[in-house]
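Heads up: the structure comes next, in structure tokens.
Derivation of every value follows stated rules applied to the coordinates shown; laboratory data play no part. Keep in mind that this is a model prediction, so the values were computed, not measured. Glycine gets a Cβ as well: all are built from the backbone with ideal geometry, and neighbour counts include every protein chain shown.
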Amino acid sequence: MTTATSSLTDFIERYSAAWEGRDASAIDALVTDDIVWHDPALPQPARGRAEVRAFMQDSWRSFPDLRFSEPDPPFLVEQDDRVAWGWRMQGTFSGAPIDPPGFAPTHRAMDVRGIDEWLMRDGRIAHYRALYDMNDLATQLGIVPEPGSGAEKAMVALQRVQARFMRR
């Protein structure tokens with residue numbers, strides 16, 4: 001991308017506005033036609049604008065109050081056509097099930113920090129990768145048991161049984 005800081009800041013503002021304004025079509029101006037979008041919440045990368053828009057819309061359906069902000073202090077690094085941008089994601093799992101795999105809403109809140117890695121081409125994101133702790137997110141939402149809880153101990157016992165069968 002190799003832009004001036006103000007140009008990159010403007011890009012991030014437009015990107016954030018697409019998410020905050022729940023305007024999936026606004027992402028079209030920010031990503032390439034052949035975008036490859038990696039996010040830990042996806043079972044496989046989203047490919048192309050339509051799949052990225054669908055991911056955004058699914059996110060809003062599951063988290064009606066989903067919002068993003070910059071962490072304190074902000075984090076932004078640009079090197080040639082690569083950008084790393086830090087963010088904070090908050091919301092409540094009170095909408096539609098997360099599908100796949102079909103987790104039912106727990107009405108619990110999340111507060112997650114992460115970093116996006118963008119590979120830019122012609123001023124747009126061509127390759128996107130979100131990096132955040134999915135286990136922490138799942139624990140906050142009540143999808144994965146709290147560390148040390150009875151539910152975690154039961155899950156560990158089931159995993160051990162499964163591992164025994166897998167060795168056979």
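Some notes on this structure:
- Residues (without any contact (Cβ under 8 Å) to a residue 40 or more places away in the chain, surrounded by 14 or more Cβ atoms within 10 Å (Cβ to Cβ) and closer than 19 Å to residue 43 by Cα) located in the stretch 98-113: none
- Applying the criterion of being in contact with a strand residue (DSSP E or B) (Cβ under 7 Å, 6 or more places away or on another chain) and outside any helix (DSSP H, G or I) to the residues of the stretch 140-168, the residue that is surrounded by the fewest Cβ atoms within 10 Å (Cβ to Cβ) is 143.
- One residue from 102, 95, 114 being over 20 Å from residue 29 (Cα atoms), within 14 Å of the chain's Cα centre (by Cα) and of a type outside the set (Phe, Trp, Tyr): 114
- Taking the stretch 125-168 as the range and being among the β-branched types (Val, Ile, Thr) and more than 21 Å from residue 103 (Cβ to Cβ) as the test, the residues that pass are 125, 161.
- Criterion: small (Gly, Ala, Ser), surrounded by 16 or more Cβ atoms within 10 Å (Cβ to Cβ) and either part of a loop (DSSP other than H, G, I, E, B) or without any contact (Cβ under 8 Å) to a residue 60 or more places away in the chain (or both) - qualifying residue of 94, 59: 59
- When residues of the stretch 63-82 are limited to those that are touching a Leu at 6+ places or on another chain (Cβ under 9 Å) and outside any loop (DSSP other than H, G, I, E, B), the one surrounded by the most Cβ atoms within 10 Å (Cβ to Cβ): 78
- In the stretch 54-63, the count of residues that are within 22 Å of residue 120 (Cα to Cα) and not aromatic (Phe, Trp, Tyr) is one or more.
- Note on the stretch 114-123: residues that are surrounded by 17 or more Cβ atoms within 10 Å (Cβ to Cβ) and farther than 16 Å from residue 79 by Cβ amount to 1.
- Residue list for the stretch 35-50, filter: more than 25 Å from residue 143 (Cα to Cα) and out of contact with any helix residue (DSSP H, G or I) (no Cβ under 9 Å at 6 or more places or on another chain): 36, 47, 48, 50
- Every residue from the stretch 1-56 that is outside any helix (DSSP H, G or I) and aromatic (Phe, Trp, Tyr): 37
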